[in-house]
Amino acid sequence: MQAWTTAGQPETHPEPWGRPGAFTTFRVFADCKTPFLDQHLDRLLDSAKRLQLPWLPPLDEIHNRTSAYLDELSNEFSGLVRICLFEDLLGISDRSAISDGNPVEGWLIHHRRPEPLAKSTADKNLYGALSELELEKEDWVIIDPKDNDIRETATSNLIFCSSNELLIPEKFILQGVVLRQMLPLLQQNFSVTRGAPKDSDLSTFDEILLCGSGRGVAPLNALSELGWNSSGNENFNQVRQLYDSLIEQACA
């Protein structure tokens, strides 16, 4: 865990949640392979601009700091790296990827992102609440407090599956880097439509998948507060294979 001031001086990395700033989290595979890193850095700066942060370091500086940080990790490291851009600091940290592909139990959280297209460290009500869960096997499923539609989780995008048809939320969400890379493959292999189901619609879906940097592609086993349970894994197996192929190609 490292941080630097606007002048490039080392500083203690602060607790991010509740502090104004933008962040992005990307996956690192063995031998320091980092698929989609450029897309993550672009989105970090885009989030910072949307949040109107007063300090935007050049992309080259963020890239160089990130590369140097990755060089200090062992070649065997396989996990997640988070980059935070605060008002006066750039911070980088890492952790293991304990949730990759694991089945997830969902718990409802009534929440609306203040700026849906930005990943904001100030959103403590959402990201700070993750400490209440076992991230390896649990996640907060975000339900809009007004419209009662289900859009995403605290860590991932959602894919709702009914036979060979996929429904993927598009509006008022943060569309993740992994989902953007996956969409062309999904559209080649499934019938894909965009839209967010209401809580009362969940019974029409056989499976719900999570898609993100930390989870890769993972199945939602249950959302007990709405009486929903997964009734299969056919779509998960197929989408996970597409994801594994995408990562293999990106890391080649």
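The values are calculated or read from the model by the stated rules, or taken from the named source; none is laboratory data. It should be emphasised that the depicted structure is a prediction, and the values quoted were computed from it without experimental measurement. Glycine gets a Cβ as well: all are built from the backbone with ideal geometry, and neighbour counts include every protein chain shown. All accessible areas refer to the heavy atoms of the entire protein, side chains included, with ligands and DNA or RNA removed. Shrake-Rupley method; radii C 1.70, N 1.55, O 1.52, S 1.80 Å.
Report yes if Thr121 is open to solvent by 20 Å² or more (accessible area, probe 1.4 Å) and within 16 Å of the chain's Cα centre (by Cα), otherwise no.
no
Search the stretch 4-41 for residues being without any contact (Cβ under 8 Å) to a residue 60 or more places away in the chain and within 17 Å of Leu53 (Cβ to Cβ), and hand back the single one that is nearest to the chain's Cα centre (by Cα).
Among those that are without any contact (Cβ under 8 Å) to a residue 60 or more places away in the chain and within 17 Å of Leu53 (Cβ to Cβ), it is Leu41.
Out of (1) touching a strand residue (DSSP E or B) at 6+ places or on another chain (Cβ under 6 Å); (2) open to solvent by 30 Å² or more (accessible area, probe 1.4 Å), what's the single condition that is false for Ser74?
(1)
On the given criteria, is Leu186 in a helix (DSSP H, G or I) and under 19 Å from the mean Cα position of the chain (by Cα)?
Spelling it out, Leu186 is indeed in a helix (DSSP H, G or I) and under 19 Å from the mean Cα position of the chain (by Cα).
In the set Leu209, Leu185, Leu202, which member is surrounded by 22 or more Cβ atoms within 10 Å (Cβ to Cβ) and touching a residue at least 12 places away in the same chain (Cβ under 8 Å)?
Just a single option satisfies the conditions, and that option is Leu209.
Is there any pair linking a residue in the stretch 73-102 that is farther than 23 Å from Ala218 by Cα to one that is of a type in the set (Phe, Trp, Tyr) and in a strand (DSSP E or B), with Cβ under 6 Å and at least six apart or on different chains, and which?
Close Cβ pairs (under 6 Å, with a partner that is of a type in the set (Phe, Trp, Tyr) and in a strand (DSSP E or B)) amount to Cys84/Phe23; Leu90/Trp4.
Please specify each residue of the stretch 1-25 satisfying the condition of being of a type in the set (A, V, I, L, M, F, W, C) and either closer than 21 Å to Gly128 by Cβ or in a loop (DSSP other than H, G, I, E, B) (or both).
Met1, Ala3, Ala7, Trp17, Ala22, Phe23
Taking the condition of being surrounded by fewer than 20 Cβ atoms within 10 Å (Cβ to Cβ) and either among the charged types (D, E, K, R) or in contact with a Cys (Cβ under 7 Å, 6 or more places away or on another chain) (or both), how many residues in the stretch 126-151 meet it?
Count: 9.
Checking the conditions here, which among Glu165, Glu170 is acidic (Asp, Glu), within 29 Å of Thr24 (Cβ to Cβ) and open to solvent by 70 Å² or more (accessible area, probe 1.4 Å)?
Glu170
For the subset of the stretch 157-182 comprising residues that are in a loop (DSSP other than H, G, I, E, B) and polar (S, T, N, Q), which member is nearest to Val217 (Cα to Cα)?
Gln175
Can you pull out the residues in the stretch 19-59 that are small (Gly, Ala, Ser) and modelled with pLDDT of 95 or more?
Across the stretch 19-59, the qualifying residues are Gly21, Ala22, Ser47, Ala48.
List every residue pair whose Cβ atoms sit under 9 Å apart, with the two residues 6 or more apart in sequence or on different chains, where the first one lies in the stretch 220-236 and is at negative phi and the second, anywhere, is among the small types (Gly, Ala, Ser) and in a helix (DSSP H, G or I).
Leu226/Ser200; Leu226/Ser203; Trp228/Ser203
Report whether or not Gln238 is open to solvent by 60 Å² or more (accessible area, probe 1.4 Å), under 15 Å from Leu166 (Cα atoms) and among the polar types (S, T, N, Q).
Criteria met by Gln238.
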